[in-house]
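Just so it is clear, none of the values below were taken in a lab; they were calculated from the coordinates. Note that this is a predicted model, so its numbers are computed, not measured. All Cβ positions, glycine included, derive from the backbone under ideal geometry; neighbour counts span all protein chains shown.
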Amino acid sequence: DGGITQSPKYLFRKEGQNVTLSCEQNLNHDAMYWYRQDPGQGLRLIYYSQIVNDFQKGDIAEGYSVSREKKESFPLTVTSAQKNPTAFYLCASSATSGRAGEQYFGPGTRLTVT
Amino acid sequence: GQSLEQPSEVTAVEGAIVQINCTYQTSGFYGLSWYQQHDGGAPTFLSYNALDGLEETGRFSSFLSRSDSYGYLLLQELQMKDSASYFCAVRPLNRDDKIIFGKGTRLHILP
């Protein structure tokens, strides 16, 4: 079955540690995205990538970093510079040639930093 | 700037019909999409309107009027499982592949 996987589902870290969230897709999509969602809030774009070895900052990129070495993978690192890292992180992908606006989401990673 | 406005919460009764509105301010976009998100889950794609008018998919319909900068999601024959948050979204022209999401509408369904 095609889809997007994120791991782990829950992640706990101490303040000051960097942490990397995994995102893998087998949909053969060119574009991948990372969003952050806080309780009762919408989706805020952190980073996105339209093609391998290229990515752009979203609206809240500070304190985060990404890489896109393979089409299937788009890991997100939450660094110690991120002031409020506790949140629900969602990875998504879309076919750039497909219907504009249709994104497929992974199940999400809930990160708690104490 | 570019933004989408939705009501934060809507309440309806099981079996009834509910409309969730989305107004937007953007210079141009490809189309209006709707997503559903249950508590603790990921958003899932519901519908897409590239052109003005009504698109129907089972119990759900979505409408777009570009001249009024307005769209809505219509849910009929409401079921308890429809309790979720609903987000409208657009991909603006000249924004690469970035999509802008509204803040979402929490739909409460009463038995």
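Only Lys, Arg, Asp and Glu carry charge here, each on its Cβ (+1 for the first two, -1 for the last two); on that basis the protein assembly as shown has a dipole of about 640 debye about its Cα centre. Along its principal axes, the protein assembly as shown has C-alpha extents of 49, 39, 38 angstrom, given from the largest down.
In a reduced charge model with +1 at each Lys and Arg Cβ and -1 at each Asp and Glu Cβ, region B:43-98 shows a dipole moment near 180 debye about its Cα centre. For GluC sites (Glu not before Pro), the sites in region B:38-111 that DSSP calls loop and that have at most 14 other Cβ atoms within 10 Å are B:Glu77.
Only alpha carbons enter this Debye calculation for chain B, each as an equal point scatterer, and the log10 of I(q)/I(0) it gives at q = 0.14 Å⁻¹ is -0.52. In percent, rounded to a whole number, the relative contact order of region A:39-84 is 29, using alpha-carbon pairs under 8 Å and six or more apart. Using Cα-Cα distances under 8 Å and only pairs 6 or more residues apart, what relative contact order does chain A have, in percent? Relative CO of chain A lands at 35 percent. Note on the protein assembly as shown: dipole from Cβ charges, positive end direction compared against A:Val113, B:Gly71, B:Gly102; the farthest Cα belongs to A:Val113.
Checked against a 28 Å cut-off, the cross-linked pairs A:Lys14/A:Lys57; A:Lys14/B:Lys81; A:Lys9/B:Lys98; A:Lys70/B:Lys98; A:Lys14/A:Lys71; B:Lys81/B:Lys103 give Cα-Cα distances beyond that limit for A:Lys14/B:Lys81; A:Lys14/A:Lys71. The charge dipole of region A:37-114, taken about its Cα centre with unit charges on the Cβ atoms of Lys, Arg (+1), Asp and Glu (-1) only, comes to about 60 debye.
Global size of chain A: 13.3, 41 Å for Rg and Dmax (C-alpha atoms, Rg to one decimal, Dmax whole).
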